[in-house]
Structure formats: C-alpha cells, structure tokens
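Colleague: Attaching a single structure in structure tokens format; questions to follow.
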Amino acid sequence: MVEPALVLVELNSIAAGIETADAMVKRAPIDLIKAGTVQPGKYLVLIGGLVADVEESLAAGRQVGGPAVVDTVYLPQVHPEVVEAVAGGRVPQATDAVGVIETTTVAAAIHAADAGVKGAEVRLLEVRLADGLGGKGIVLFSGLVADVEAAVRIGVGALERPELLVRQVVIPQLHPEMWENVADATRFRSRVMGNL
C-alpha cells in the first residue's frame, strides 16, 4: 500500500542508500518500503504510507543520505495512476496524442507524472525509471492533443530545477506502427527479441 503518500529518495551511493533506507524505516511506521540498485550505480528508496509518517521518514532520509542524495520526490496525495505506473502498469490504448517528458532523475520523472496526470485529462501510458535509461526517467501521457500538451506543460513546470529536464515533446496523431511499438514496450531489446 503506497497511498496516500509516496516518497522516493535517489542516491548516488549504494552504501549510503542502504544506510538511508534503514534510517527511513526506523524513523516512523510506514506501509511499504522498496529499495535497491538501479543503473548507473544509484540506489532508490521508495516508501509509502500515511502522510505524517512518510514525511518523517523523508526527513531521516535527507539527513542520513546527506550529499549522496541526488534527488527526492514527496507526494502527500499521490495519484493512483502514478502508483500503478511506477509498479510497471501500462495503459496501451491508442489515442489522439502522446506526450513524453524525459528527466535526468527518477524522482523528477515521478514528480512530473503526478503533476501532469492530476492537472489534465490524460492517462499515464508508462513511467520508466532508471534501468536501461542510464539513470534517467521517462513519462508517457496519452489523450487528446490539448490535454497532453497541458499535462506535459504542467509536468515540466513541477520540476524543481531546470537541469532535471532532458527533453519534452508532444506528438499528435502518432503513426499506427509507432503506437504499436510504444504501446507494447519502450525497451528496444523487448521489441526485437525473436522478431527479426
């Protein structure tokens, strides 16, 4: 159970990450903790639970992680689609447009996804985090063009530092063959294995 609050702490040290996760789970009772390594040599700590408890855990994470903390995201009322997407859920239905936000950190991608899906009538097609992306994050929204444009604008606007954004794009009327590729998987390897 991640809701109603979600926190992710992203660290550039695995040792500091394990120490930070331990401090976070010891600080306050939480409903969920998921922690582990991602490429390129970073450590992620994801916790969920009641707002006050999650906030206390985040304070411990920032304190113990110190300079190893690359980025954090704190969502006191996380959108259910974000929880589903972070867990690997996908909404692969073809619609009018697709919007993509590419970020330098996992935390920034989650923040952009939550802001965009709360601020516009869109669906989260996918949220991919770190592995296979060199540590970056990507968010894919789908919906009507104007709504996707709004979601991307809102998601990018939620980023706390401009250097967290790699690129943003809205593609109206994505070609059907590209919808097939994007809807199935964004990883190249999964698209070509046994299909050439």
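The values are calculated or read from the model by the stated rules, or taken from the named source; none is laboratory data. Keep in mind the model is a prediction, meaning the values are calculated, not measured. Positions of Cβ are generated from backbone atoms using ideal geometry, with glycine treated the same way; all protein chains shown enter the neighbour counts.
Colleague: Somewhere in the stretch 73-93, is a residue under 15 Å from the mean Cα position of the chain (by Cα), acidic (Asp, Glu) and outside the structural domain of Asp184 (by TED's automatic domain parsing)?
Modeller: Yes.
Colleague: Would you say Ile110 is more than 22 Å from Ala5 (Cβ to Cβ), buried (at least 18 other Cβ atoms within 10 Å of the Cβ) and under 14 Å from the mean Cα position of the chain (by Cα)?
Modeller: Numbers: more than 22 Å from Ala5 (Cβ to Cβ): no; buried (at least 18 other Cβ atoms within 10 Å of the Cβ): yes; under 14 Å from the mean Cα position of the chain (by Cα): yes.
For Ile110, the condition - more than 22 Å from Ala5 (Cβ to Cβ), buried (at least 18 other Cβ atoms within 10 Å of the Cβ) and under 14 Å from the mean Cα position of the chain (by Cα) - is not met.
Colleague: Being touching an Asp or Glu at 6+ places or on another chain (Cβ under 6 Å) and not aliphatic (A, V, I, L, M) is the filter here, so list the residues in the stretch 144-165 that pass it.
Modeller: So in the stretch 144-165, the residues touching an Asp or Glu at 6+ places or on another chain (Cβ under 6 Å) come out as 144-145, 147.
Across the stretch 144-165, the qualifying residue is only Asp147.
Colleague: For the stretch 1-34, give me the residue count where each residue is crowded, with 23+ Cβ neighbours inside 10 Å, part of a strand (DSSP E or B) and not β-branched (Val, Ile, Thr).
Modeller: Number of matching residues: 5.
Colleague: Within the stretch 84-100, is there a residue that is more than 30 Å from Val169 (Cβ to Cβ), touching a residue at least 40 places away in the same chain (Cβ under 8 Å) and surrounded by fewer than 17 Cβ atoms within 10 Å (Cβ to Cβ)?
Modeller: No; the residues of the stretch 84-100 include none that is more than 30 Å from Val169 (Cβ to Cβ), touching a residue at least 40 places away in the same chain (Cβ under 8 Å) and surrounded by fewer than 17 Cβ atoms within 10 Å (Cβ to Cβ).
Colleague: Quick check: is even one residue across the stretch 141-149 crowded, with 24+ Cβ neighbours inside 10 Å and either charged (D, E, K, R) or under 15 Å from the mean Cα position of the chain (by Cα) (or both)?
Modeller: Yes - at least one qualifying residue is present in the stretch 141-149.
Colleague: Here's another thing I want to ask about it. Which residues, counting only those in the stretch 151-172, are farther than 19 Å from Val78 by Cα and aliphatic (A, V, I, L, M)?
Modeller: Leu164, Leu165, Val166, Val169, Val170, Ile171 - these are the residues of the stretch 151-172 that are farther than 19 Å from Val78 by Cα and aliphatic (A, V, I, L, M).
Colleague: While we're here: Just one of (1) surrounded by fewer than 19 Cβ atoms within 10 Å (Cβ to Cβ); (2) free of Cβ contacts under 8 Å to residues at least 40 places away in the same chain trips up Val117, so point out which.
Modeller: Against the list (1) surrounded by fewer than 19 Cβ atoms within 10 Å (Cβ to Cβ); (2) free of Cβ contacts under 8 Å to residues at least 40 places away in the same chain, Val117 comes up short only on (1).
Colleague: Suppose we filter the stretch 36-58 for residues that are among the small types (Gly, Ala, Ser), under 18 Å from Asp71 (Cβ atoms) and surrounded by fewer than 18 Cβ atoms within 10 Å (Cβ to Cβ); how many remain?
Modeller: 2
Colleague: If you don't mind, another one. Any residue at all in the stretch 166-180 that is touching a His at 6+ places or on another chain (Cβ under 8 Å), in a helix (DSSP H, G or I) and not aromatic (Phe, Trp, Tyr)?
Modeller: no
Colleague: Is the stretch 35-47 home to any residue that is of a type in the set (A, V, I, L, M) and assigned to a helix (DSSP H, G or I)?
Modeller: No - not one qualifying residue is present in the stretch 35-47.
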